[in-house]
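Here the structure is laid out as structure tokens; the discussion comes afterwards.
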Amino acid sequence: MKVFKFGGASVKSASAVRNIADILNRFPADDLIVVISAMGKTTNALERYLDACRKQQPEAAACLEQLKHYHLEIMDELFADSDHAVYTDVQFIFDHLQQFLEAGPAESYDVQYDAMVSCGELLSTKIVSHYLNDAAIVNQWFDARELIKTDDTFREGKVDWKLTGYLVEKILEPYFDVCDRQRGIAVTQGFIAGTIDDQTTTLGREGSDYSGAIMAYCTDAESLTIWKDVPGVLNADPKYFDVTEKLPRISYKEATELSYYGASVIHPKTLKPLQNKQIPLLVKSFFMPTDEGTQIQEGVECDHLVPSFIFKVDQMLISIAPKDFSFIDEHNLSCIFGLFAKYRIKLRLMQSSAISFSACIDNRHDKLPQLLDELGENFEVKYNEGLELLTIRHYDEPTIERLIIDKEVLLIQKGRSTARLVLRPLVEVEWMKELKEA
Ligand code: ASP
């Protein structure tokens, strides 16, 4: 068994879907579980639709119409027959989405989010599965909500591994057994899951990689391949760095460090299940499927040969000091951490001194104002916005010097192999312009 994961970019158009068929044809003898994300930027569009519905804004209907138009355009290119069953399947999902138009803010945001945003993956997998069957790549569509079970932490479901393992075996094994000597292909959704009482949950933004890893873990797959629009894991994001290098082989540990620090190529939760069962992770280009890509597995000794750069923009540095001038001790820390956990705001970097605790976070959480208010009850809170967080793995001093030209260093942390810097650009930089325009 091999598990393949295709992200949004690999299903963003009709030609991209055809390309998936080409890739699958290169593996004629393998049983495959194919995990697919929503098409293109559908998840973002669904988030906008959800907000518009909750605020009962008139543009909600137009949002939905646009999404429908986008999917139908792709389908019209892929399916010659306008009576094809795919149209009924897709209409059913859009009918479900339509119901939210009237609902308003009926239930909790997170519950409604999962019920609505999960539709992106349901749409894409229905379309791809029908297309592949038509292209003689025989497959069966499976509902990931029946396979992957989580608790009811909506928008970030915690996986019930035992139950998921049991269900994956119970549901998928008979399918692959029936396929017998022909290979079987199970097409399913990334990102989405279900609670034990069948409510829809999601695994966190960009969570389809993690879905792939869950499937690989539960089926003891020989590998998980993540098909991407880059040639593999690069040592820096080409969006911010002119020169990048592909890392041909890295260890689970290095990949975990890179994803933890925010390298967006692999979802941070993906590595653990794979490492636990020693399942190799391959990151390959869907444009160049015969190229090697990056192999992530145990026993790779050359992690340190190429420095890697992880660059996060639009960061905020918060400094938190107890109002009563008490120390940043265990009590104050547990109170601070408790609030970050309550609002599910991830700390990207932290540092404490005698009477102050500093944390770097993404400056785009919807719950940030609430967090700042609540922190303000017991702490003096100050913050700087418009910052960058740069992490350099396997750094040296000349590299740091080169990267801080035209920047003010607000905070720096150095370990044996990792340097982390919070920077304030002294001139207006590209990402700031983009942010203003967005
Ligand atoms: N569609 C989801 C998202 O955009 C999950 C994923 O693509 O991994 O976050």
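The values are calculated or read from the model by the stated rules, or taken from the named source; none is laboratory data. Values in this document were obtained by computation on a predicted structure and should not be read as measured data. Here the Cβ positions follow ideal geometry from the backbone for every residue, glycine too, while neighbour counts run over all protein chains shown. Keep in mind that these areas ignore ligands, DNA and RNA; they rest on the heavy atoms of the full protein, side chains included. Shrake-Rupley method; radii C 1.70, N 1.55, O 1.52, S 1.80 Å.
Per-structure values
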read-out	value
In nm, spacing of pseudo-spin labels at residue 83 and residue 21 (7 Å Cα→C-beta vector)	2.2 nm
Most to least accessible of 209, 152 (protein chains only, probe 1.4 Å)	152, 209
Heavy-atom accessible area order for 254, 173, 102, largest first, 1.4 Å probe	102, 173, 254
Cα-centred dipole magnitude for the chain, charges only on beta-carbon of K, R (+1) and D, E (-1), debye, nearest 20	820 debye
The chain - accessible surface per residue (Å², probe 1.4 Å)	47 Å²
Kirkwood hydrodynamic radius over Cα pairs of the range 315-404, then Stokes diffusion coefficient at 25 °C and 0.890 mPa s, in µm²/s	173 µm²/s
Of the trypsin sites (Lys or Arg not before Pro) in the range 302-355, those whose Cβ has at most 14 other Cβ within 10 Å and which sit in DSSP loop	323, 344, 346
Difference of contour (0.36 nm per residue) and Cα-Cα distance, residue 158 to residue 314	53.4 nm
Rounded percent of accessible protein surface that carbon and sulfur make up, the chain, 1.4 Å probe	50 percent
Exposure rank, largest accessible area first [129, 264; 1.4 Å]	264, 129
Highest-fluctuation residue, 73, 374, 47 considered, GNM on the chain with Cα pairs under 10 Å	374
Contact order relative to length of the chain, as percent, for alpha carbon pairs under 8 angstrom and 6 or more apart	13 percent
Among 35-43, 88-96, the order from most to least packed when residues are scored by Cβ within 10 Å on average	35-43, 88-96
Descending Cα extents along the principal axes, the range 16-175, whole Å	51, 43, 23
On Cα atoms only, tilt of 59-78 relative to the major axis of the chain in degrees	50 degrees
Cα centroid separation, the range 314-350 to the range 34-50 (Å)	33 Å
Pairwise centroid distance, computed over Cα atoms, of the range 84-118 with the range 255-308, Å	35 Å
Nearest-10 value in Å² for the accessible area of residue 412, using the 1.4 Å probe	80 Å²
